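Here is the structure we will look at, set down as structure tokens.
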Amino acid sequence: MRITIEEDKCCGAGQCVLLAPEVFDQRDEDGVVVLLDAEPPAEQHAAAREAAAVCPASAIEVQA
Amino acid sequence: MVGASAAGVAAAEGLRRGGYDGPLTLVGGEPHLPYDRPPLSKQLLSGVWERERLRLRAPETYSDLGIELRLGVRATELDMAARRVRLADGTELTYSSLVLATGARARVLPGAQGLTGVYTLRTVEDALALRTALAARPHLVIVGGGFVGAEAAAVARGLGCEVTLVTDQQVPLADAVGAEVGTMLAEVHRERGVRIVTGSPVEEVIAEDGRAVGVRLADGRVLRAQAVLVGIGARPDTDWLTGSGLSLHHGIVCDSLLRAGDAVWAAGDVASWPDPVTGERLRIEHRTNASEQGMAVARNILAGPSATAFQTVPYVWSDQYDLKIQIYGGTRGADAVHIVEGSLKQRAFTAVYVRDGYVAAALGVGMIRQLRALRRLVTTRTPWDRARTSLPVTA
């Protein structure tokens, strides 16, 4: 799995951090997503996909 | 899926993710690939983004996932007994499961339809039309004190327009954030040069030669304008379902699973469902909810008899000038608002909204991480008396 993010699309909702805290974080100052692990291990895949699906700004892309 | 916006797309993707490998059709009344609406009153209106940036998914995603798109054609009739949907072009689609995700339409003012110079903000065409108008720096009158009006006011001031915002509320945004935070935000708008007229319902748009020239308030006052933005909310797009046998009352009436009828489900702005905890009927017109409900419906369709009640902590955000306002939970009906960290004066704070003794919502401006920590109090419906002992409450 490979994850990419579009920082300038991010609206700082933090839904991704709630779903997959080992993969995503947020910058303190503006809440913009920080990608902690662009190629997470298998046990994180379901959570990462869920995070991409629920992101209200469609800022996360997950490639198989 | 009838409705090709956030909820419909989330349902389609959710079905594929859940292993469904049968045919999937996404029907959309607008001719565009599914796009995102929150930026309409923000980045698209200001011109920072062009419309391609609004696409919810890359164009090839739909074919990659085997999702057939039927765009630019509205659904006109549902026959639940035959499990069939008729479309405006006369074609019919049969289904084994149907997801209704038609969203909502902008409310309009009486007499304003067909006038030049009157705008709403619901579709990409709406936003681009208003953007074109704002380029001429008109005096813009915004009717409505909700998020759409407030965000558009911020953008229009940034573009150098004269802006008057008129609302029937005593404090703009009070419905969404309460009077305290609403007062603070109104101050911000005034400092930035927005004229705010409160407690004033708008009676009608005044026109000359088919062109809007102002609005008349209920007390008879007239506000002259060269452009009028009507931001007075939206109504669920359910007219086509009248007579279908579905229960329609402020949206499509669903059970706690988001099921509206036999093999029929609803998601997003159109769906009304009972909160599994309080039993209260909810209908949420927010972007995050649309995705969450689309995904939940997909899971429930695939789950069969083990489908589960939809539960959510609603999330909404608004961008106004350099402020980002974020809310978890429902602020409506709160009996008290407590500032937890920071202050309204600093315009950086977190606050909790208490209803019937429980933390019902948490709101933050410029304090992302602190706000996220408060979300748990909302999720667990923590009694305020217990929550306050562990918080650095300043007011």
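The values are calculated or read from the model by the stated rules, or taken from the named source; none is laboratory data. Worth saying up front: this structure is predicted, and the values here are computed from it rather than measured. Here the Cβ positions follow ideal geometry from the backbone for every residue, glycine too, while neighbour counts run over all protein chains shown. Accessible surface areas use protein heavy atoms only, side chains included; no ligands, DNA or RNA. Shrake-Rupley method; radii C 1.70, N 1.55, O 1.52, S 1.80 Å.
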Being in contact with a helix residue (DSSP H, G or I) (Cβ under 7 Å, 6 or more places away or on another chain), within 14 Å of chain A (Cβ to nearest Cβ) and either surrounded by 14 or more Cβ atoms within 10 Å (Cβ to Cβ) or touching a residue at least 40 places away in the same chain (Cβ under 8 Å) (or both) narrows it down to one of B:G47, B:G18, so name that one. B:G18
For residues in region B:307-322 being within 11 Å of chain A (Cβ to nearest Cβ) and either surrounded by fewer than 19 Cβ atoms within 10 Å (Cβ to Cβ) or not charged (D, E, K, R) (or both), which is nearest to B:L344 (Cα to Cα)? B:D322
So how many residues does region A:15-34 have that are more than 11 Å from every other protein chain (Cβ to nearest Cβ) and more than 26 Å from B:A298 (Cβ to Cβ)? 1
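This table checks each residue for (1) in a loop (DSSP other than H, G, I, E, B); (2) surrounded by 15 or more Cβ atoms within 10 Å (Cβ to Cβ); (3) more than 10 Å from chain B (Cβ to nearest Cβ); (4) not aromatic (F, W, Y).
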| site | (1), (2), (3), (4) |
| --- | --- |
| A:A13 | yes, yes, no, yes |
| A:E39 | yes, no, yes, yes |
| A:E43 | no, no, yes, yes |
| A:A48 | no, yes, yes, yes |
| A:A53 | no, yes, no, yes |
| A:V62 | no, yes, yes, yes |
Having 3 or more residues that are open to solvent by less than 20 Å² (accessible area, probe 1.4 Å) is the bar; report the strands (runs of 3 or more DSSP E) wholly within region B:169-246 that clear it. B:211-217, B:227-230
Tell me, please, whether a residue that is within 14 Å of chain A (Cβ to nearest Cβ), open to solvent by 30 Å² or more (accessible area, probe 1.4 Å) and not hydrophobic (A, V, I, L, M, F, W, C) can be found in region B:335-347. yes
Could you give me the residue pairs with C-beta distances under 6 Å whose first residue belongs to region A:36-47 and is within 13 Å of A:Q63 (Cα to Cα), whose second residue is open to solvent by less than 30 Å² (accessible area, probe 1.4 Å) wherever it lies, and which are 6+ apart or on separate chains? A:A38/A:I3; A:P40/A:V23; A:P40/A:A48
Against the conditions (1) within 13 Å of chain A (Cβ to nearest Cβ); (2) among the β-branched types (V, I, T); (3) touching a helix residue (DSSP H, G or I) at 6+ places or on another chain (Cβ under 6 Å), where does B:V9 fall short? Just the number, please. (3)
Please work out if B:L33 is touching a Lys or Arg at 6+ places or on another chain (Cβ under 6 Å) and open to solvent by 40 Å² or more (accessible area, probe 1.4 Å). yes
Pick from B:V270, B:V277: which is of a type in the set (A, V, I, L, M), at pLDDT below 95 and not assigned by TED's automatic domain parsing to the domain that holds B:A361? B:V277
Matching residues, region B:67-85, being of a type in the set (G, A, S) and open to solvent by 40 Å² or more (accessible area, probe 1.4 Å): B:G72, B:A81, B:A82
